Amino acid sequence: MTDDGSVAPDLRSELEVLGDRMDELDTLISRSVSRGPDSLENVRSTTHVEGLWPLATTEQADVHQLQEIISLLKATLNSTTDGILVLDNDLRVVIYNTKFVTLWEIPQTLDRDDKKGWLRAFTAPLMENGERFIHRIRDQLSHTDEATRDILRFTDGRIFESRSHPQLIEWEIVGRVWSFRDVTKQRQAQELVEYQATYDPLTDLPNRRLLLDRLNQMLARCRRHDRIGALLFLDLDNFKTINDTLGHPIGDALLQQVARRLTDCLRREDTAARLGGDEFVLLLAEESAVLDEFTHQVDIAANKVLAALSEPYEVHGHRLYATTSIGVSLFPQNGETADDVLMQADTAMYRAKEAGRNTVRFFLPSMRKSSEEQLQMQNDLRQALERNELKILWQPKHDFSGNTLGAEALLRWEHPTRGLIMPAEFIPVAEDIGIITSLGNRVLEVSCNLLRKIADEYAEAGPIHLSVNISPQQFQQADFAMQVAHFLKISGANPTRLTLELTENMLVTNLDEVMAKMLDLKSLGVRFSIDDFGTGYSSMAYLKRLPLDEIKIDRSFVNDIIRDPETVSIVEAIITMASKLGLSVVAEGVENNREFDFLRKRGCHCFQGYMLCQPLDEAEFLDFIMDGNVSDARKNGTQSVFEGF
């Protein structure tokens with residue numbers, strides 16, 4: 001017996017042989033009793049040869065011993081945990097044990113002599129495919145003299161393992177012995193392991209492993225039959241905002257709804273898979289079509305998916321909207337692997353993001369070079385932190401009389417081969433590779449140290465304020481307020497001289513959490529400013545609730561006030577609104593006297609721009625605030641707008 005109480009395969013085989021011998025002994029005993037002593041001698045000889053029992057000395061003892069053998073064999077058959085069934089070559093039942101009756105739920109009224117109907121009578125209602133099982137039994141009886149193993153599935157979910165061996169008498173096959181074992185729990189455990197290895201537990205979609213397996217098979221079929229296939233790489237737009245704002249349970253429920261919608265968009269032969277996070281893949285089955293025609297069909301299918309996913313979602317009482325960016329790779333093109341196809345579609349998806357999101361882009365060979373350049377920039381940016389290639393410059397802010405009020409910290413990358421790289425190019429990369437928070441903390445630390453240095457060594461310059469831009473990822477860190485407080489404490493800087501610039505979109509997601517962080521820092525004296533006001537989600541509600549100190553008019557408005565009457569109205573409204581709310585106004589990007597004069601006359605009190613003064617390094621900035629604004633601006637090659645005042 002095995003540890004679980006079942007009969008080991010070798011013992012099962014022996015029991016089957018014993019069962020065969022039991023039938024033979026029954027026949028021999030009957031013949032011995034009817035024919036006399038000579039026949040009994042044959043029985044005794046047979047049992048001795050087969051090694052079933054020691055040779056007896058008397059005829060009566062022989063009969064008794066044979067009866068004991070039969071009793072022992074029957075008891076053994078009925079004690080095994082496997083169901084045993086023996087059929088002859090005509091499909092007649094020879095013998096079965098009690099476990100077989102229990103496992104198969106054999107009815108007492110079953111006519112086992114009905115060789116044409118008895119199998120179907122008890123198997124058809126139980127099995128998922130009873131006819132296949134019957135055909136298999138007949139095939140084993142008529143065509144094979146080898147041992148076999150099968151897995152049987154029942155309509156109630158049970159799973160049996162079936163093993164069979166031929167029954168031989170003098171090397172002639174006279175029937176077959178089957179053993180049946182309930183392996184439901186073992187198979188279910190095995191299938192669960194296999195499922196977990198190939199399917200996503202959240203959405204029940206195939207995972208990356210199964211997707212790549214199917215993609216490899218499709219690539220092989222396409223090359224063999226000269227067909228075309230397509231892979232669509234999907235990434236939800238702004239899913240992280242929903243997940244971080246409303247919590248992971250809401251995010252998970254949204255992903256489940258997305259998975260169902262994707263499945264509804266597909267044909268039976270297509271595959272929808274989830275790679276992880278908010279990334280999904282659609283594998284469209286290959287077709288024998290010309291490239292242009294197939295491309296058109298894929299474009300239609302991709303836009304159908306966009307439309308389906310852009311419909312509103314009802315998730316636990318929240319009405320959510322989530323658009324999608326899709327990258328498409330058609331294959332095969334050259335000798336690409338499954339990983340290559342996936343990477344190409346991923347590259348095209350990022351082009352869809354750059355094109356404004358909620359759109360579709362097909363992979364082009366030219367994208368490969370761009371993708372390689374992007375990867376190179378990612379690697380270079382990581383090294384830039386270690387090599388101290390990232391520099392902080394300071395762009396002064398002035399009042400309308402030319403006095404320096406402070407400066408904004410601006411990050412620049414001095415690349416060893418590409419030269420100066422502006423933030424618009426490398427900040428998105430820093431966000432993608434997850435180092436934007438480290439960059440932001442570094443700027444905060446340097447700013448706090450400079451504030452303390454100005455207070456200690458340049459006090460005569462007056463109350464200089466420094467502004468630092470805060471990225472959404474940095475602000476969303478749970479310990480953001482503690483980090484700012486830490487830098488202020490270790491530097492000894494005056495918190496009232498530090499201004500944190502936030503964008504409008506950062507303020508409207510999870511307003512209560514935003515308010516809590518701002519109030520924590522406000523209690524220390526830190527000031528807050530809305531950067532690029534008017535370009536994001538502008539709302540009077542958050543302007544009234546949040547502890548803000550100033551708003552910055554975006555340079556796009558400042559540059560248009562001379563030529564666009566509508567912009568004039570917007571800027572005037574912003575300045576008036578800020579005044580009513582007690583907020584300071586900073587105009588950024590002031591480039592000429594007309595812009596400056598317009599803003600000054602309408603009540604703007606702080607100005608920032610290249611015409612006023614270009615960004616300075618720390619040493620230049622400290623000299624600037626000590627030596628005089630107008631003269632220093634001239635040294636830097638700019639015309640001061642304050643001349644004549």
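The values are calculated or read from the model by the stated rules, or taken from the named source; none is laboratory data. Predicted model, so just to flag it, every value in this text is computed and none were measured. FYI the Cβ positions are ideal-geometry reconstructions off the backbone, even for glycines, and counts take in every protein chain you see.
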Quick test for you: out of LEU511, LEU466, pick the one residue that is buried (at least 16 other Cβ atoms within 10 Å of the Cβ) and of a type outside the set (Val, Ile, Thr). LEU466
Can you go through THR203, THR198, THR184 and tell me which one is within 27 Å of ILE134 (Cα to Cα) and not charged (D, E, K, R)? THR184
If we keep just the residues of segment 455-504 that are touching a strand residue (DSSP E or B) at 6+ places or on another chain (Cβ under 8 Å) and in a helix (DSSP H, G or I), which is modelled with the lowest pLDDT? GLU504
Give the number of residues within segment 139-159 that are surrounded by fewer than 13 Cβ atoms within 10 Å (Cβ to Cβ) and touching a Leu at 6+ places or on another chain (Cβ under 7 Å). 1
Out of curiosity, is LEU543 under 29 Å from PHE475 (Cα atoms), assigned by TED's automatic domain parsing to the domain that holds ILE470, in contact with a Pro (Cβ under 8 Å, 6 or more places away or on another chain) and among the hydrophobic types (A, V, I, L, M, F, W, C)? no
Residues of segment 534-552 being modelled with pLDDT of 90 or more and either among the small types (Gly, Ala, Ser) or under 25 Å from HIS398 (Cβ atoms) (or both), which ones? LEU548, ASP549, GLU550, ILE551, LYS552
Take segment 581-592 and flag every residue that is surrounded by fewer than 18 Cβ atoms within 10 Å (Cβ to Cβ) and either touching a Lys or Arg at 6+ places or on another chain (Cβ under 8 Å) or modelled with pLDDT of 90 or more (or both). LEU581, GLY582
Restricting to segment 160-196, count the residues that are among the acidic types (Asp, Glu) and surrounded by 13 or more Cβ atoms within 10 Å (Cβ to Cβ). 2
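One line per residue, one yes/no per condition, for (1) within 26 Å of the chain's Cα centre (by Cα); (2) assigned by TED's automatic domain parsing to the domain that holds ALA345; (3) modelled with pLDDT under 90; (4) among the aromatic types (Phe, Trp, Tyr):
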position: LEU232; (1), (2), (3), (4): yes, yes, no, no
position: ASP237; (1), (2), (3), (4): yes, yes, no, no
position: THR245; (1), (2), (3), (4): yes, yes, yes, no
position: VAL258; (1), (2), (3), (4): yes, yes, no, no
position: LEU266; (1), (2), (3), (4): yes, yes, no, no
position: VAL281; (1), (2), (3), (4): yes, yes, no, no
position: LEU284; (1), (2), (3), (4): yes, yes, no, no
position: SER288; (1), (2), (3), (4): no, yes, yes, no
position: LEU291; (1), (2), (3), (4): no, yes, yes, no
For residues that are crowded, with 16+ Cβ neighbours inside 10 Å and not hydrophobic (A, V, I, L, M, F, W, C), tally how many sit in segment 550-577. 7
Just one of (1) farther than 30 Å from ILE553 by Cβ; (2) modelled with pLDDT of 90 or more; (3) touching a Ser or Thr at 6+ places or on another chain (Cβ under 9 Å) trips up LEU385, so point out which. (2)
Which pairs turn up if I take residues in segment 64-79 that are over 12 Å from TYR96 (Cα atoms) and look for partners that are outside any helix (DSSP H, G or I) with beta carbon separation below 7 Å, at least 6 apart in sequence or on another chain? GLN65/TRP53; GLN65/ALA56; ILE69/LEU52; ILE69/TRP53
Taking ASP270, is it more than 24 Å from THR241 (Cβ to Cβ) and either crowded, with 16+ Cβ neighbours inside 10 Å or touching a His at 6+ places or on another chain (Cβ under 9 Å) (or both)? yes
Unique residue being in contact with a Gly (Cβ under 9 Å, 6 or more places away or on another chain), of a type outside the set (D, E, K, R) and either at pLDDT 85 or above or surrounded by fewer than 17 Cβ atoms within 10 Å (Cβ to Cβ) (or both) when the list is ASN379, ASN403: ASN403
Among ALA455, ALA461, ALA493, which is surrounded by 20 or more Cβ atoms within 10 Å (Cβ to Cβ) and touching a helix residue (DSSP H, G or I) at 6+ places or on another chain (Cβ under 8 Å)? ALA493
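Let's see how each residue does on (1) surrounded by 13 or more Cβ atoms within 10 Å (Cβ to Cβ); (2) in contact with a Gly (Cβ under 7 Å, 6 or more places away or on another chain); (3) farther than 25 Å from LEU210 by Cβ:
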{"site": "LEU246", "(1), (2), (3)": "yes, no, yes"}
{"site": "PRO249", "(1), (2), (3)": "no, no, yes"}
{"site": "GLN256", "(1), (2), (3)": "yes, no, no"}
{"site": "ALA259", "(1), (2), (3)": "yes, no, no"}
{"site": "LEU266", "(1), (2), (3)": "yes, no, no"}
{"site": "LEU284", "(1), (2), (3)": "yes, yes, no"}
{"site": "LEU291", "(1), (2), (3)": "no, no, yes"}
{"site": "HIS296", "(1), (2), (3)": "no, no, yes"}
{"site": "LYS304", "(1), (2), (3)": "no, no, no"}
Output for segment 142-160, where each listed residue is closer than 19 Å to ARG120 by Cα and in a strand (DSSP E or B): ASP150, ILE151, LEU152, ARG153, PHE154, ILE159, PHE160
